[in-house]
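Written below as structure tokens is the structure these notes are about.
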Amino acid sequence: MKTEHAIHSGKHQRKHKKEFINVNNAERLISLAAGGMLLAKHYKHPLANPIKVLTGAFLVYRGLSGNCPLYTGLDKNSNETNAINTRVIFTVNKPREEVYRYWRQLENLPFFMSHLQRVEQKNDVESEWIARIPGGVGIIKWNAEIVKEIPNELIGWQSIENSTINNAGKVEFYDAPRGQGTVLKVIFSYHPPAGALGEGVAKLFNPLFKTILKEDIRAFKQVIEAGEVATIKGQPSGRK
């Protein structure tokens, strides 16, 4: 009986802990940063701005504990979101092998993807990504790994476990009809960092994200077809 009670108690504790932590890692970091800034700004005269001080304290608690009482009341958990997918298909007037080689050199991606600041390849599989946060409020970093690769046909990658950004991507390469270059199918998938609310906002703005991706694709076509932007080999670059 004691053993059964202990097992039941352990399961209950694990379930309670899982339910208690209802804020994902990205939100926790943002809450800590925002709360810390509010407290640092008003700590000398807390009584002059009690609402801001309490808000800062709440955000710090939210970040440290991983629990949001508001989410608890709404039965929400920002660790449980559906992926938002964006897909673009386009053609470039270059041989498939050449297009694949350029894309496979991941450090080339920031030359045509405007939101990326830098991609550093650690080895043949692992890489570190640094992206600009929309609005110019800072940068965000995560590590990724290539999970599937077929030379000249497919590159698939995903962020590693517990990364700040949970995302994945895939590029497929096909010969265009009548030898007219290469067809690329690009798919980006990500989990919004703000739970159900963030998922709703992401779906609302997904057409905008797709427009940005299309602009990046247009830049890629310029890079690969006309060489308007440098590769990492030391050629002159049109981007600063």
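The values are calculated or read from the model by the stated rules, or taken from the named source; none is laboratory data. Just so it is clear, the model here is predicted, and its values are computed rather than measured. Glycine gets a Cβ as well: all are built from the backbone with ideal geometry, and neighbour counts include every protein chain shown.
Odds and ends about this structure:
- Pairs, first farther than 17 Å from residue 188 by Cβ in the stretch 149-172, second of a type in the set (Phe, Trp, Tyr) and part of a strand (DSSP E or B), C-beta under 7 Å, six or more apart: 152/173; 153/173
- Residues that are under 30 Å from residue 178 (Cα atoms) number at least 1 in the following helices (runs of 4 or more DSSP H) confined to the stretch 42-153: 96-104.
- Exclusive hit being free of Cβ contacts under 8 Å to residues at least 60 places away in the same chain and either in contact with a Cys (Cβ under 9 Å, 6 or more places away or on another chain) or hydrophobic (A, V, I, L, M, F, W, C) (or both), set 26, 48: 48
- Cβ-Cβ distances below 7 Å connect the following pairs, each with a first residue in the stretch 202-226 that is farther than 16 Å from residue 190 by Cα and of a type in the set (Gly, Ala, Ser), a second residue that is surrounded by 13 or more Cβ atoms within 10 Å (Cβ to Cβ) and modelled with pLDDT of 85 or more, and a separation of six or more residues or different chains: 219/112.
Results for (1) crowded, with 16+ Cβ neighbours inside 10 Å; (2) closer than 15 Å to residue 59 by Cβ; (3) of a type outside the set (Lys, Arg); (4) at pLDDT 75 or above, shown as yes or no for each residue.
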{"position": "5", "(1), (2), (3), (4)": "no, no, yes, no"}
{"position": "9", "(1), (2), (3), (4)": "no, no, yes, no"}
{"position": "15", "(1), (2), (3), (4)": "no, no, no, no"}
{"position": "23", "(1), (2), (3), (4)": "yes, yes, yes, yes"}
{"position": "33", "(1), (2), (3), (4)": "no, yes, yes, yes"}
{"position": "39", "(1), (2), (3), (4)": "yes, yes, yes, yes"}
